[in-house]
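The values are calculated or read from the model by the stated rules, or taken from the named source; none is laboratory data. As the structure is a computational prediction, the values presented were derived from the model and not from experiment. With ideal geometry, Cβ positions are generated from the backbone for all residues, glycine too; neighbour counts draw on all protein chains shown. Note: areas computed on protein heavy atoms with side chains; ligands, DNA, RNA excluded. Shrake-Rupley method; radii C 1.70, N 1.55, O 1.52, S 1.80 Å.
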Amino acid sequence: MPIGVMKELLHLPRDWSRKMRRAGRRRLFPELDRHEASLKLPLAVLLDAIYRASPGSRVKLFRRLLPYLRAADSSATAETCHIESLADFASGYARLATMLGRAGKIPPPGEIEFLRTIVDRSSTQHPGTIASDDYFFLTALVSILAPERVVEVGTLTGFSAAIIAAALRRQCTDDAVKWVDTIDLAADCFIDQTRPTGFEIAESFPELAPVIRIHTPQDSTLVSKLATPDELEIVFIDADHQHPLPLLDLLRVAPYIRPGGWVVLHDIQLGTKAREANSRDETLRWGAAEGAELLFESWPFRKIGGGNIGAIQLPNDKSALVAFALRLMSLPYEIKGSRAEAIHRALHRSFAALL
């Protein structure tokens, strides 16, 4: 018998065994698709997650996480739609609409004119509010998807909440009211504690104030009282950027976002900008927190970058977020001490709603 044929016959039992193992994994873990398998999980991290889980959810968590032990690390490549100027807004809007499956959609009447008024008053813009290319991207995304409402985590002056509300209002095609719920930990504005959080809404956008609800002092857990599971299409996270706080906000809001919905993240280049500033012996006014950048860059599912702002799309099976979260939690926290341990516990508690 030829040697080549003999080798093939000898390999038949091995190949059959591999096929049976793969078939068994598919039967045991049908929810694990090929893309999710890119989230490799260290054994120690898995065991810690099982230990910290509530007794009633340990078996379910173990079953969901086990396939990730032997997977390869990976992160998705971001699509790009950076709208750098108002002159580029219409073309950038069209590109983003195509990316979002809404090809042919164009800015509604009044949208570009409204943005022009915002650009013209940029010299009086309060520190810490989003830059022009950020609000061009945010406006386009909200305008194209036109959800019933948007939840924002991190209010500050209320500028971005007003930008979102303005985009929603121009998408009203009937008598239904679209609104924004914006959440902030501080009752007094971080940049001017003599004024309440969200003060700019009433001062600069009084016509939008009736459709913006400010919730202070609250954190992202409030979303469970504002929305029902799988209800929201867009959530904007722009709160404390220290790792892993953006991840915690994401995990808390994810159960209330529909599968395939979007989370917009601000300051996804803050860490890079801080390192560049340090190389010039400069410092950034708002620090160098890298949490939002780590979250966006590590995201293994679909994502669209717009400069210092970007949108990440939730997977259809949101339980896949648990493995991703554990992998990101293995990176050193920017928050230290007892607060870090409290946040670590909160991250683990957030898993139950995703399983």
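What GluC sites (Glu not before Pro) in region 246-355 are in a loop by DSSP, with at most 13 other Cβ atoms within 10 Å of the Cβ?
On the way: sites: Glu276, Glu282, Glu290, Glu293, Glu297, Glu334, Glu341; in loops: Glu282, Glu290, Glu334.
Sites meeting the loop and neighbour criteria: Glu282.
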TODO: Please list the non-local residues whose amide H lies under 5 Å from the amide H of Val153, H modeled 1.01 Å from N, same-chain partners needing a gap of 5 or more.
DONE: Ile183, Phe236, Ile237, Asp238
Open item on the list: Using a 1.4 Å probe on the protein heavy atoms, what percent of the accessible area of region 181-269 belongs to carbon and sulfur?
Closed with: 50 percent
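Add +1 for every Lys or Arg and -1 for every Asp or Glu among the other residues with Cβ under 13 Å from the Cβ of His82, and state the total. Spell out each step's value before the answer.
Numbers: positive: Arg95; negative: Glu79, Glu84, Asp88, Asp133, Asp134.
Local net charge: -4.
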Task: Ranked packing of 55-66, 193-204, most packed first, by mean Cβ within 10 Å - done: 193-204, 55-66
Open item on the list: Please list, by residue number, everything in region 242-259 whose backbone N is under 17 Å from a paramagnetic label point 7 Å out along Cα→Cβ of Arg349.
Closed with: 244-255
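Where does each of Arg327, Arg95 land when they are ordered by accessible area, with a 1.4 Å probe and the largest first?
Arg95, Arg327
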Task: Qualifying trypsin sites (Lys or Arg not before Pro) for region 117-211 [loop in DSSP, other Cβ within 10 Å: at most 10] - done: Arg121
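Could you please put Leu43, Leu222 in sequence from largest to smallest accessible area, using a 1.4 Å probe? Please report the intermediate quantities before stating the final value.
Working: Leu43 100, Leu222 25 Å².
Sorted descending by solvent-accessible area, the residues read Leu43, Leu222.
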- [ ] Output the pairs from Lys60/Lys178; Lys225/Lys318; Lys273/Lys336; Lys273/Lys303; Lys225/Lys273; Lys225/Lys336 with a Cα-Cα distance over 27 Å in this structure; if there are none, say none.
- [x] Lys60/Lys178; Lys225/Lys273; Lys225/Lys336
- [ ] Counting only heavy atoms of the protein chains, get the accessible area per residue of region 298-355 (1.4 Å probe) and round it to a whole Å² value.
- [x] 34 Å²
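Using a/c under 1.5 as the rounded threshold, could you call region 140-245 rounded, prolate or oblate? The axes a ≥ b ≥ c are square roots of the C-alpha gyration tensor eigenvalues, and prolate needs a/b larger than b/c, oblate otherwise.
Taking the square roots of the gyration eigenvalues as a ≥ b ≥ c, region 140-245 is oblate.
So what is the relative contact order of region 50-199, in percent, for Cα pairs below 8 Å that sit 6 or more residues apart? Intermediate results must be reported in sequence, preceding the final value.
Working: 165 pairs, mean separation 27.9, N = 150.
Reported relative contact order: 19 percent.
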